[in-house]
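Data first, discussion second: the structure below is written as structure tokens.
The values are calculated or read from the model by the stated rules, or taken from the named source; none is laboratory data. Keep in mind the model is a prediction, meaning the values are calculated, not measured. No Cβ is skipped: glycine too gets one built from the backbone with ideal geometry, and neighbour counts run over all protein chains shown.
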Amino acid sequence: MEIKIHPVSETPRAEIEEKKKDPGFGRVFSDRMFRCRWSEEKGWHDPEIVPYGPITLDPAANVLHYGQEVFEGLKAYAWEDGRVALFRPEKNGERIDNSARRLCIPPVGPELWLEAIETLVDLERAWIPADGKGSLYIRPTIIGDEPGLGVSASNSYLFYIIVGPAGPYFPSGFKPVKIYIQKKYVRAAVGGIGFAKTSGNYAASLLPGKIAKEKGCAQVLYLDAREFKHIEELGGMNVMCLFGNTLTTPPLDGSILPGVTRDSIMTLARDMGYEVEERSISVDEIRAGARTGELKEMFAVGTAAVVTSIGTLLIEDEDVVIGDGGVGDAARSFYDRLTGIQFGRLPDPFGWTRIVPEKRKG
């Protein structure tokens, strides 16, 4: 499908540069967005790039009542040589299609996925921070927009993508964070939609996240829904533990999001000489490991923040310090190597980066 590109009133370059200085995360958006619709008769059709702006929905639209929605998050990076690269966009495409199938949403497919992202990113190059720190955050979303209050899957869908410059996810930057573990709220259960990137999973994390912040913590580390004994993931990131020389992370059993950064860190760890294992990790094991020193580091990983050291766990009312409470050597090494590949500063032996063709002129 050929993507139709509509005229856009572009933000003056000086204003763009000012907005890129301190964009925060997810607050600043570019001039354009991509959109495409699906119907039973036509499938995905009429892809186009239009001015960024509000979406009109019927008050009875499926997404507003039954949450039929999936989304993704990935980034584009400005390299020193002037090229722009995406990082493993095919993996995000696979994940949004898997999420879509779980929520009865028609998959986008790899061809439309990559063409839509590359076209939009190419047109919005001016919005990509060129400081080697910030990036262009990309948020593709699919929603069911058919009006009707019967509990059923929508018969029409809107696929849209918005982008904008992004700085650090955590305002404190690359510093250790304090994380809250509690035994009252769960994020997801096996057999549910925990593995899908859908708004319902994040809605479930809002109240516990608010409580965590009131206790001086950055996020919540959720436990399994059955026994409240084993760690799963944070509200928006996967989690990893370094026991001795073994990088350990909870298995993908259906309640945990299969993070692209998670997979990338595991690959880097093997390449860097670490043992890697996916297994259940109990809170008791973490407590004991922190006490004996066997648990050397603990960190969260995800597209937005990349790698973030966990310095302290608040387990109910007990502070458990991990290592010396600071940024661990392994976390720093993983962060430096992964971001080095993403920004084109280091070799990419895994073929993870994809250069965005410069072919669209708007």
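For segment 187-203, give me each residue that is touching a helix residue (DSSP H, G or I) at 6+ places or on another chain (Cβ under 9 Å) and in a loop (DSSP other than H, G, I, E, B).
Hits for segment 187-203 are ARG187, ALA188, GLY192, ILE193, GLY194, PHE195, ALA196, LYS197, THR198.
LEU136 passes all but one of (1) surrounded by fewer than 20 Cβ atoms within 10 Å (Cβ to Cβ); (2) under 30 Å from ASP31 (Cβ atoms); (3) touching a residue at least 12 places away in the same chain (Cβ under 8 Å); which number fails?
(1)
Counting only residues that are at pLDDT 95 or above, of a type in the set (Gly, Ala, Ser) and outside any strand (DSSP E or B), which one in segment 1-52 is surrounded by the fewest Cβ atoms within 10 Å (Cβ to Cβ)?
Result: SER9.
May I ask you to list the residues in segment 204-246 that are part of a helix (DSSP H, G or I) and either touching a residue at least 12 places away in the same chain (Cβ under 8 Å) or not assigned by TED's automatic domain parsing to the domain that holds ALA188 (or both)?
Those that are part of a helix (DSSP H, G or I) and either touching a residue at least 12 places away in the same chain (Cβ under 8 Å) or not assigned by TED's automatic domain parsing to the domain that holds ALA188 (or both): LEU207, PRO208, GLY209, ILE211, ALA212.
Determine whether PHE170 is at pLDDT below 95, closer than 27 Å to GLY134 by Cα, in contact with a helix residue (DSSP H, G or I) (Cβ under 8 Å, 6 or more places away or on another chain) and not polar (S, T, N, Q).
For PHE170, the condition - at pLDDT below 95, closer than 27 Å to GLY134 by Cα, in contact with a helix residue (DSSP H, G or I) (Cβ under 8 Å, 6 or more places away or on another chain) and not polar (S, T, N, Q) - is not met.
Is there any pair with a first residue in segment 90-108 that is among the basic types (Lys, Arg) and a second that is buried (at least 22 other Cβ atoms within 10 Å of the Cβ) and outside any loop (DSSP other than H, G, I, E, B) whose Cβ atoms are under 8 Å apart and which are 6 or more apart or on different chains, and what are they?
LYS91/VAL260; ARG95/VAL260
Can you name the residue in segment 247-257 that is assigned to a loop (DSSP other than H, G, I, E, B) and not polar (S, T, N, Q) and, of all such residues, is nearest to ALA304 (Cα to Cα)?
Applying the filter and picking the extreme gives LEU257.
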